[in-house]
Amino acid sequence: MARFVSYEHAGGQGFGLVVGTGVVALKDRGLGATSLQELITQGAELRRVEDKFGGRPADLALDELRYLPPVHAPQKITCVGLNYHGHMTETGRQPVTHPTLFARWSDSHVGHAEPLILPSVSTKFDYEGELAVVVGRRGRHISKTEAMTYVAGYSCYNDGSIRDWQKHTSQFLPGKNFEASGAFGPWLVAGHAVPDYRELRLTTRLNGRVVQDASLGDLIFDIPTLIEYVSSFTTLNPGDVLVTGTPDGVGAFRDPQLWMGAGDTVEVEISGIGMLSNKILAEQDHARAARLHAAAS
């Protein structure tokens, strides 16, 4: 399976192709790209990159790396709300005729195994396991019949939500954009390696307990529909991210409600893609750790 990872290690930032428990580094292999995002932007065919480098020995072990979001500076992160029938039902909302969209900023998410930050101004930190789609080429007014040719690949996403801030007004923006409140990774699985995303299964676990479990075939608005709709009002660019929505089981609509707290571990696993795992860290502890790190250096 073609898995492409972005990372930091002792030699700096890089990206590579996952082989077994290691990575073939691609930054200095004559591809003309210093990041996975740049590789996608240049229009490289990920299948050809996999064919060329997939048989080579690993340069680095995965456990030596600090994971970055696969695309760590996308121009646009477009998220879809209320896109599973079960989630629509649990919220008490009525069916909609068009996708419900909101935006995230790139500093609102972190990579695999990095801490998610519980902000000091809230205790209502909710999980939302989702499938992320990374755009592979530039397009506007893309038809549903052509939409899947614009997909570079897929990844796991946790659209971590600060629920009280999300509900301050009818606009979702504040509750979806606290710094380091969401997660993206652990890698990008190339689109050609996933014959039919609708056959994948999404499972979210909080401290090992399954809290969400659904088929990607249950999306109300499928990926071609979302690409057609979003590209009707904005140009999609290589590296842009489309986060496709979360199934039922979120903490806000449980009885009693279930929030993520400091010390918890949340996992988003999608069959055929991978597992994204993050611990929750209180903002004050994160700030303290940052000060200690700065003093030590």
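The values are calculated or read from the model by the stated rules, or taken from the named source; none is laboratory data. Everything numeric in this text was worked out from a predicted model, so none of it was measured. Note: ideal-geometry Cβ built from the backbone for every residue, glycine included; neighbour counts use all protein chains shown. Side chains included, ligands, DNA and RNA excluded: accessible areas come from the protein's heavy atoms. Shrake-Rupley method; radii C 1.70, N 1.55, O 1.52, S 1.80 Å.
Observations, loosely collected:
- Put a dot 7 Å past the Cα of H9, heading toward its Cβ, do the same for T97, and the two dots end up 5.4 nm apart.
- Over segment 78-170, the fraction of Cα-Cα pairs per 10 Å bin, rounded to whole percents and listed from the shortest bin up, is 12, 39, 34, 14, 1.
- Pairs of lysine residues in segment 1-148 that meet both criteria, 8 or more places apart or on different chains and Cα atoms under 29 Å apart, total 4.
- Rounded to the nearest 20, the size of the Cβ-charge dipole of the chain about its Cα centre is 440 debye, with Lys and Arg at +1 and Asp and Glu at -1.
- Mean projected area (nm²) of the alpha-carbon convex hull when segment 108-266 is viewed from all directions: 9.7 nm²
- For segment 223-267 versus segment 1-74, the spacing of their alpha-carbon centroids is 25 Å.
- A 1.4 Å probe run over the chain, with the rest of the protein chains in place, finds 44 Å² accessible per residue.
- Residues in segment 116-122 carry Karplus couplings, in order, of 8, 9, 7, x, 5, 8, 8 Hz; the curve used is 6.51 cos²θ - 1.76 cosθ + 1.60 with θ = phi - 60°, and Gly or Pro positions show x.
- Potential lengthening of the chain between E199 and K279 amounts to 26.0 nm, from the contour at 0.36 nm per residue minus the alpha-carbon distance.
- Helix-only CD estimate at 222 nm, as mean residue ellipticity for the chain, using -39500 (n - 2.57) per DSSP H run (n ≥ 4): -4500 deg cm²/dmol
- Label point distance in nm, T21-K52, each placed 7 Å from Cα along Cα→Cβ: 2.9 nm
- Label corresponding to percent of Cα pairs over 27 Å apart when calculated from the structure given, among [x] 42; [y] 38; [z] 48: [y]
- Protein heavy-atom surface of the chain, 1.4 angstrom probe: 50% of the accessible area is carbon and sulfur, with nucleic acids and ligands not counted.
- Less than 5 angstrom separates the built amide H of V151 from those of G136, all sequence-distant by 5 or more or on a different chain.
- Remark: accessible surface ordering of L202, L60 (largest first) is L60, L202, probe radius 1.4 Å.
- With the simple spin-label model, which puts each label point 7 Å out from Cα in the Cβ direction, the H192 to R140 separation comes to 3.0 nm.
- Net lengthening on full extension, S271/R29 (0.36 nm per residue, minus Cα-Cα): 84.1 nm
- Sites count as exposed loop sites when they are GluC sites (Glu not before Pro), lie in a DSSP loop, and have at most 15 other Cβ atoms within 10 angstrom; the longest stretch of the chain without one is 180-297.
- Average Cα contact separation per residue, the chain, under 8 Å, 6 or more apart, as relative contact order %: 24 percent
- List Y229, Y67, ordered by accessible area with a 1.4 Å probe, largest first: Y229, Y67
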